[in-house]
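A.B. asks: One structure follows; several queries about it will come next.
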Amino acid sequence: MDTNGLKQIGDTEWQVPKSGAMRVPGVIFADAALINDMDNKVLEQLRNVAGLPGIVEAAYAMPDAHWGYGFPIGGVAAFDPDEGGVISAGGVGFDISCGVRTLLTGLKRADIEPVKKSLADSLFRNIPAGVGSTGKISLDETEMDAMLEGGAHWALAQGYGGTEDLERIEERGKVAGARPDAVSTYAKKRQHDEMGTLGSGNHYLEVQEVTRIHDAVAAASFGLRLGDVVVSIHCGSRGLGHQIGTEFLREMAVAAPDFGLVLPDLELACAPLRSELGQRYLGAMRAATNCAYANRQIVTHLTRRVLEHFFPGGRFDLLFDVSHNTCKEEWHAVGGKRRLLFVHRKGATRAFGVGHSDLPAAFAAVGQPVIIGGSMGTSSAILAGNPQPERAFASACHGAGRAMSRHAAARRWRGRQVVDQLAERGIVIKSPSSRGVAEEAPGAYKDTDAVVDAAHRAGLARKVARLEPIVCIKG
Amino acid sequence: MVSAHYEHFPHGADIGVRGIADSKAEAFAQAALALTALVTDPAGVASRTKVLLECSAPSDLLLLNDWLNRLIYEMAVRRMLFGRYEVAIDDGRLRAEAWGEPVDRDRHAPAVEPKGATLTELKVGQRDDGGWVAQCIVDV
């Protein structure tokens, strides 16, 4: 990125001064190396977001930011409905409430090694993943609507997990205000056979080892010890979310002139929060969020069944579940006043700090667990929300972020070569597609450590633990 | 005379599909082949089943977006891949035949699942040589 015209503040913050149609400044959190590698499109998109009606404080880009759709991926922006604020389907993304959850296992690497290959085979067989896969549950219309309203609570009622899981999910597993009636028949049909599926692309299920502890107090609160094995699951609202994103993006793009909105990029399509369209999208998006919670809950159940087969009597408690493609209604202090805002996080994670009233009691003293996904072969990380004052509406990065396009990655690597190289490092990869593996090669992503370091130094969240992959199931 | 073909182009997180041909309808068909090629080689998809599709939109741009998203939807709910397309466009209305077969995970080895055709880099138009181009980024 060309940093001419940006004002550097410290070593991890760059201010984008207001210019042109910008209503607020932009802020990019990154060190010199990360910002140097960012696409100029991130800056262009951040400036565009800063020009949307009702935006509050600033448009933010996280250290893993890259070129997205309207909003940069790694973008955070909050809107005030009292000031004409908008909600943007592009600012949430196609995979609504895509997120990551991490399960504790109480196991060590030595427990996994003797069964690693058969465990990988069993997880690959039992967790539906990839194109053409279907879940074992088909929902009729009534059940679908109950799922869209109930989220993880619905999944529990079907026997997938225990009530203790709910405390460990944002909004305790069920976001209020979901409107199944705002979800189209097409979206529901697309989800008919997709409950309990992982998806494809960058989605994964990974068995990981805790290889470093940065913050012993927070790690202990999270139940993490050096050498522990955990399981992380990265997936979202599947076809239902994709279809909602597709339909509302088009509807908002067509309706924009009626709202007096001049969009510099069609993908910034949005609608006033206080409009019928804005409210209808909000209701549909919340239904998709509940779908994502239910989906990850079912995948968790399938994972636990496999783990229980290999490790009878084990406990596989949920550490936490975060979403990173969202718009959430939250109270934030802005200029000394508390305001109810709609915070878009597109490829960014909520990171509520110490003492936040929405945190489960277990995390009140240390802050919310923030789960940062890697790519197969690269590290992942657990961070914790910081004490006040919050930064970027209590947000942090969500992953390493791509350093190279899929196109370039598929040209550079062969899937077999990637699998063999990772096998030499003791990492088992299971995927139905060689090209899919090449497109997701570790070298196609930024260095997770560098992104996490920048988030830590910028005060977005603080490092707690580093995780390294042992087994990775890709769709 | 432009030789009909498709290609992919890079995007930071995802990938672009582009159809090029000497008519708008054939460029749309080629863009659809590019969509299939994100998942698997279209040449490896047998033309066993014909699916009839229709969509309409107030502009060429939205028509391309609707067309590709309709295919993504049909691929998802039918668990099918399409390897051949015949497209006609008349006054903002698209009618198409899509030929394909159910996904065979061993034979097709699907690489990614398209989530949605986006409005990013969305272009439909004629080049100086008369060839039609139809393109956009697909979220995968």
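The values are calculated or read from the model by the stated rules, or taken from the named source; none is laboratory data. Note that this is a predicted model, so its numbers are computed, not measured. No Cβ is skipped: glycine too gets one built from the backbone with ideal geometry, and neighbour counts run over all protein chains shown. SASA here: full protein model, heavy atoms, side chains in, ligands and nucleic acids out. Shrake-Rupley method; radii C 1.70, N 1.55, O 1.52, S 1.80 Å.
A.B. asks: Can you tell me which residues in the range A:405-423 are assigned to a helix (DSSP H, G or I) and either touching an Asp or Glu at 6+ places or on another chain (Cβ under 6 Å) or among the charged types (D, E, K, R) (or both)?
C.D. replies: A:ARG406, A:ALA409, A:ALA410, A:ARG411, A:ARG412, A:ARG416, A:ASP420
A.B. asks: Check off (1) hydroxyl-bearing (Ser, Thr, Tyr); (2) modelled with pLDDT under 95; (3) surrounded by 20 or more Cβ atoms within 10 Å (Cβ to Cβ) for A:THR349 and give me the number that stays unchecked.
C.D. replies: Evaluating A:THR349 over (1) hydroxyl-bearing (Ser, Thr, Tyr); (2) modelled with pLDDT under 95; (3) surrounded by 20 or more Cβ atoms within 10 Å (Cβ to Cβ) leaves (2) as the failure.
Each row is one residue, and each column tells you yes or no for (1) more than 14 Å from every other protein chain (Cβ to nearest Cβ); (2) not aromatic (Phe, Trp, Tyr).
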| site | (1), (2) |
| --- | --- |
| A:ALA120 | yes, yes |
| A:PHE124 | no, no |
| A:THR134 | no, yes |
| A:HIS153 | yes, yes |
| A:LEU166 | yes, yes |
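A.B. asks: Being within 14 Å of another protein chain (Cβ to nearest Cβ) and crowded, with 22+ Cβ neighbours inside 10 Å is the requirement here; does A:LEU52 meet it? Steps first, answer last, please.
C.D. replies: Values: within 14 Å of another protein chain (Cβ to nearest Cβ): no; crowded, with 22+ Cβ neighbours inside 10 Å: yes.
No.
A.B. asks: So, one more: Count, please, the residues in the range A:82-118 that happen to be among the aliphatic types (A, V, I, L, M), away from every other protein chain (no Cβ under 14 Å) and open to solvent by less than 10 Å² (accessible area, probe 1.4 Å).
C.D. replies: Pass one, the range A:82-118, residues among the aliphatic types (A, V, I, L, M): A:86-87, A:89, A:92, A:96, A:100, A:103-104, A:107, A:110, A:112, A:115.
The next check asks that each one be away from every other protein chain (no Cβ under 14 Å); those that pass are A:86-87, A:100, A:103-104, A:107, A:110, A:112, A:115.
Still in the list and also open to solvent by less than 10 Å² (accessible area, probe 1.4 Å): A:86-87, A:100, A:103, A:112.
So the answer is 5.
A.B. asks: Which number in (1) within 30 Å of A:ARG109 (Cβ to Cβ); (2) open to solvent by 20 Å² or more (accessible area, probe 1.4 Å) marks the one condition that A:ARG296 misses?
C.D. replies: (2)
A.B. asks: Return the only residue of A:ASP193, A:ASP165 being surrounded by fewer than 22 Cβ atoms within 10 Å (Cβ to Cβ) and acidic (Asp, Glu).
C.D. replies: Working: A:ASP165 fails: surrounded by fewer than 22 Cβ atoms within 10 Å (Cβ to Cβ).
Step by step, each of A:ASP193, A:ASP165 is checked, and only A:ASP193 is surrounded by fewer than 22 Cβ atoms within 10 Å (Cβ to Cβ) and acidic (Asp, Glu).
A.B. asks: Only one residue in A:GLY239, A:GLY283, A:GLY313, A:GLY335 is open to solvent by 40 Å² or more (accessible area, probe 1.4 Å), under 29 Å from A:PRO369 (Cβ atoms) and among the small types (Gly, Ala, Ser). Which one?
C.D. replies: A:GLY313
A.B. asks: Also, I was wondering about something else. So which of A:ARG305, A:ARG315, A:ARG296, A:ARG280 is basic (Lys, Arg) and more than 30 Å from A:ALA219 (Cα to Cα)?
C.D. replies: Working: A:ARG305 fails: more than 30 Å from A:ALA219 (Cα to Cα); A:ARG315 fails: more than 30 Å from A:ALA219 (Cα to Cα); A:ARG296 fails: more than 30 Å from A:ALA219 (Cα to Cα).
After ruling out the rest, the residue left standing is A:ARG280.
A.B. asks: Could you identify the single residue in B:GLU7, B:GLU26 that is open to solvent by 10 Å² or more (accessible area, probe 1.4 Å) and within 14 Å of chain A (Cβ to nearest Cβ)?
C.D. replies: B:GLU7
A.B. asks: Search the range A:17-43 for residues being touching a Pro at 6+ places or on another chain (Cβ under 6 Å) and either modelled with pLDDT under 95 or outside any loop (DSSP other than H, G, I, E, B) (or both), and hand back the single one that is surrounded by the fewest Cβ atoms within 10 Å (Cβ to Cβ).
C.D. replies: Only one residue tops the list, namely A:LEU34.
A.B. asks: Still on this model: Against the definition (farther than 15 Å from B:VAL138 by Cα, within 14 Å of chain A (Cβ to nearest Cβ) and without any contact (Cβ under 8 Å) to a residue 24 or more places away in the chain), how does B:VAL77 come out, yes or no?
C.D. replies: Yes, satisfied.
A.B. asks: Could you please let me know if A:LYS474 is of a type in the set (Lys, Arg), at pLDDT below 95 and in contact with an Asp or Glu (Cβ under 9 Å, 6 or more places away or on another chain)?
C.D. replies: Yes.
A.B. asks: Right, something else. B:ASP106 fails exactly one of the following numbered conditions: (1) charged (D, E, K, R); (2) at the interface with chain A (Cβ under 10 Å from one of its Cβ atoms); (3) farther than 20 Å from B:ILE137 by Cα; (4) outside any helix (DSSP H, G or I). What is the number of that condition?
C.D. replies: Every condition holds for B:ASP106 apart from (4).
A.B. asks: Out of the range A:155-197, which residues are farther than 18 Å from A:HIS234 by Cα and β-branched (Val, Ile, Thr)?
C.D. replies: Those that are farther than 18 Å from A:HIS234 by Cα and β-branched (Val, Ile, Thr): A:THR163, A:VAL175, A:VAL183, A:THR185.
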